């Protein structure tokens, strides 16, 4: 009535072995780290604080217009962007959102020179090739009686290298871009109002 021990039971480590205790400790530590890591308090005050730079950027990107016709402003923005070479990607008039983009050349002679010199030394430095300029326009009624419309526009560019990899994504913060856009928008709205 004696039982034979199997080959696996002879090889298995006892539960009290130091290696088993180490793995058990690591598993418990990992569980505690994941469990208590999810309980960290989020401080929205610090995360949602508007810095002076963000406020200045918002002022640069936003203008108010004396009209209650939000749809007309969106149509005028779409026409203005199309006149400057953009293609309308998405438009949702009920939500006051318009996105547009245009593809432009991003080649730079200095980058090509660096790429050639790098290739001579066996270093791959792919230069910029194309860029996609994106525009996002949002509108919303403002004012006590809703007789004004706030228009905010943001421009950014995505640069691709010669291997079609994204090299950089950056917001365009040049004040002249925004001033030019809003001047053209004001003129277009004025002309449409007096037709």
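We did not get these values from a lab; they are worked out from the coordinates using the rules stated. In this text the structure is predicted, and so the values were computed from the model without any measurement. Counting neighbours? That spans all protein chains shown, and the Cβs are built from the backbone with ideal geometry, glycine included.
Calculate, for residue 193 and residue 57, the FRET efficiency according to 1/(1 + (r/R0)^6) with r their C-beta to C-beta distance and R0 30 Å; round to the nearest 0.05. Computed FRET efficiency for residue 193 and residue 57: 0.55.
Subtracting the Cα-Cα distance of residue 152 and residue 91 from their residue separation scaled by 0.36 nm leaves 20.5 nm. Multiplying the residue separation of residue 103 and residue 50 by 0.36 nm and subtracting their alpha-carbon distance yields 15.9 nm.
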